[in-house]
Amino acid sequence: MRVVLLALRLMCLAWLWPVTQLNSSTNKRRHKELYIGENTKQKHGGRVDLKLKKVDSTKSMLIKSEQLLRIEDHDFAMRPGFGGSAIPVGIDVQVESIDSISEVNMDFTMTLYLRHYWQDDRPAFPSSSNKSRTFDARLVKIWVPDVFFVHSKRSFIHDTTMENIMLRVYPDGNILYSVRITVTALCSMDFSSFPLDTQNCSLELESYAYAYNENDLCSTGRTGTIPLRTDEIVLSQFFVEDFQPSFGLAFYSSTGWYNRLYINFILRRHIFFFMLQTYFPTMLMVMLSWVSFWIDRRAVPARVSLGITTVLTMSTIITGVSASMPQVSYVKAVDIYLWASFLFVFLSVIEYAAVNYFTTVEEMKKLKSAKIPNYNASQAMAFDGCFHDNEIDLTSFPEVSSTPNTERNTQSRNSNASAPTEGTRLRRKHPLRQNLSFIMSNSYMIDSYSRVIFPLAYLLFNIIYWSMYA
């Protein structure tokens, strides 16, 4: 019996032990807080410092963002002064960078800060310090201008790490709305002077819904700002020569007139890249084609292979330039230079073809004038443009013996060549024909003339070309 009572007492003690420990810890915590509170009161003159308490300040604020902007008190779907006079909206564009300019697609891509300024009395608030209130994209719930980019192909608002939108409201109702945008817009380019050209690209902004003739919205530029410093923009093929903002009106047949802001960029192309990639190789190919004029005309394989190589190289250069350009229907400046150079290379090949032909004709005439009987084809091929006049050896051919018939023919020719009698009409020989026959009979002189004429003609072409387009 005693054992059973002892066991019951032990069980009761085991059950009461955790309860007693919990009560003791709670009492200790209360004593600690009392001690801290008393010490704090003693240090601060009987006042408890609220900074020691971890309280969420946003939960204790009774004013929400909707109450700050008075969203529920007004209908911000309508513009300020709806039904009244037009609201002036100032637009300020600050270009951060010009990312790319594409000649093939005829467009440009730039990143910019688009800022709007207008006045709206609805979100105005009283303030003794005249300090503004700034909100991000999550709190922009008021009316903003519906500006869009005319001729825009692609555009987006940056959203890393949040949407790059800022709204700043001043006590008097003045509002600043700023957005960071990347836009790709059309640029109508004229390549008639490419690559020595200057392009004028414009970024155009306009209200989509609020027309000028409806007296709804009036867009103006922000005065006193510097939207772009041309020395800060660095491009690979262009540099910004000038920046001209302007304003105008755009007319649509169905909706009327609209205010439009023009931001014009005058871009001048760097020529050095195209000098290295196009002009210098073309000049070298033309000069290389002139080397054939110093090669002996009997070296047929050397001169033909050199001419064909230069022609094929020029064709490759022309194809490469055309592949990187838009398919326009007019002639560009680079096309004039390339095709003129191609013509010089082609003429150098034709020049050797003429030299070879005249040489063959000259040798065949000499063979016929010698009246060589019974010569075979292998002997005739020896005179087919392979030897000069003074190098022909005719000792291997039989000597033609004089016969009575030949003497008679000689006497008749001499009698015909005698002085003309009275009444005989003399024919005037043309100097041009004489010169041409002289050159044909001395075909080696064509190379001598070509060594001077081709470089001088190409030099004259370069002077005219660079004076017109540079």
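The values are calculated or read from the model by the stated rules, or taken from the named source; none is laboratory data. Note that this is a predicted model, so its numbers are computed, not measured. All Cβ positions, even for glycine, are placed from backbone atoms using ideal geometry, and neighbour counts span all protein chains on display.
Of all residues in the stretch 243-259, which are among the polar types (S, T, N, Q) and either surrounded by fewer than 12 Cβ atoms within 10 Å (Cβ to Cβ) or closer than 18 Å to Gly90 by Cα (or both)?
Gln244, Ser246, Ser253, Ser254, Asn259
Based on what the data block shows, is Arg298 basic (Lys, Arg) and under 31 Å from the mean Cα position of the chain (by Cα)?
No; evaluated as a whole, the condition is false for this residue.
Can you pull out the residues in the stretch 121-139 that are assigned to a loop (DSSP other than H, G, I, E, B) and either modelled with pLDDT of 90 or more or under 24 Å from Met162 (Cβ atoms) (or both)?
Across the stretch 121-139, the qualifying residues are Pro123, Lys131, Ser132, Asp136.
Please verify whether Ser188 is touching a Lys or Arg at 6+ places or on another chain (Cβ under 8 Å) and surrounded by fewer than 18 Cβ atoms within 10 Å (Cβ to Cβ), treating the condition exactly as stated.
no
Of the residues in the stretch 94-120, how many are in a strand (DSSP E or B) and either without any contact (Cβ under 8 Å) to a residue 24 or more places away in the chain or more than 30 Å from Gln327 (Cβ to Cβ) (or both)?
Adding up the residues that qualify gives 13.
Restricting the first residue to the stretch 361-375 and requiring it to be at pLDDT 70 or above, which pairs with a second residue that is among the aromatic types (Phe, Trp, Tyr) and in a loop (DSSP other than H, G, I, E, B) meet a Cβ separation below 6 Å and a spacing of at least six or different chains?
Every condition considered, the pairs that remain are Glu363/Phe383; Leu367/Phe383.
I'm trying to understand the selection: among the residues of the stretch 125-146, which are on the phi > 0 side of the Ramachandran plot and in contact with a strand residue (DSSP E or B) (Cβ under 7 Å, 6 or more places away or on another chain)?
If the condition is that a residue be on the phi > 0 side of the Ramachandran plot and in contact with a strand residue (DSSP E or B) (Cβ under 7 Å, 6 or more places away or on another chain), then no residue fits.
Would you confirm, using the coordinates I've provided, whether Arg297 is surrounded by 14 or more Cβ atoms within 10 Å (Cβ to Cβ), touching a residue at least 60 places away in the same chain (Cβ under 8 Å) and assigned by the TED database to the domain that holds Phe342?
yes
Only one of Thr316, Thr309, Thr359, Thr282 is loosely packed, with under 13 Cβ neighbours inside 10 Å, in a helix (DSSP H, G or I) and hydroxyl-bearing (Ser, Thr, Tyr); which?
Every option except Thr316 fails the conditions.
From the list Phe383, Phe346, which residue is at pLDDT 50 or above and not small (Gly, Ala, Ser)?
Phe346
When residues of the stretch 258-279 are filtered for being part of a strand (DSSP E or B) and either in contact with a Cys (Cβ under 8 Å, 6 or more places away or on another chain) or closer than 17 Å to Ile336 by Cβ (or both), how many remain?
The qualifying residues number 5.
Any chance you could count how many residues in the stretch 127-171 are surrounded by 13 or more Cβ atoms within 10 Å (Cβ to Cβ) and among the acidic types (Asp, Glu)?
Of the residues in the stretch 127-171, 1 are surrounded by 13 or more Cβ atoms within 10 Å (Cβ to Cβ) and among the acidic types (Asp, Glu).
Limited to the stretch 169-183, what total is found for residues that are within 37 Å of the chain's Cα centre (by Cα) and over 10 Å from Leu114 (Cβ atoms)?
Final tally of qualifying residues: 2.
Given the condition under 20 Å from Ser97 (Cα atoms) and touching a helix residue (DSSP H, G or I) at 6+ places or on another chain (Cβ under 7 Å), answer yes or no: does some residue in the stretch 157-166 qualify?
Scanning the stretch 157-166, I find at least one residue that is under 20 Å from Ser97 (Cα atoms) and touching a helix residue (DSSP H, G or I) at 6+ places or on another chain (Cβ under 7 Å), so the answer is yes.
Looking at the stretch 147-164, is at least one residue at negative phi, of a type in the set (Phe, Trp, Tyr), assigned to a loop (DSSP other than H, G, I, E, B) and modelled with pLDDT of 85 or more?
Scanning the stretch 147-164, I find no residue that is at negative phi, of a type in the set (Phe, Trp, Tyr), assigned to a loop (DSSP other than H, G, I, E, B) and modelled with pLDDT of 85 or more, so the answer is no.
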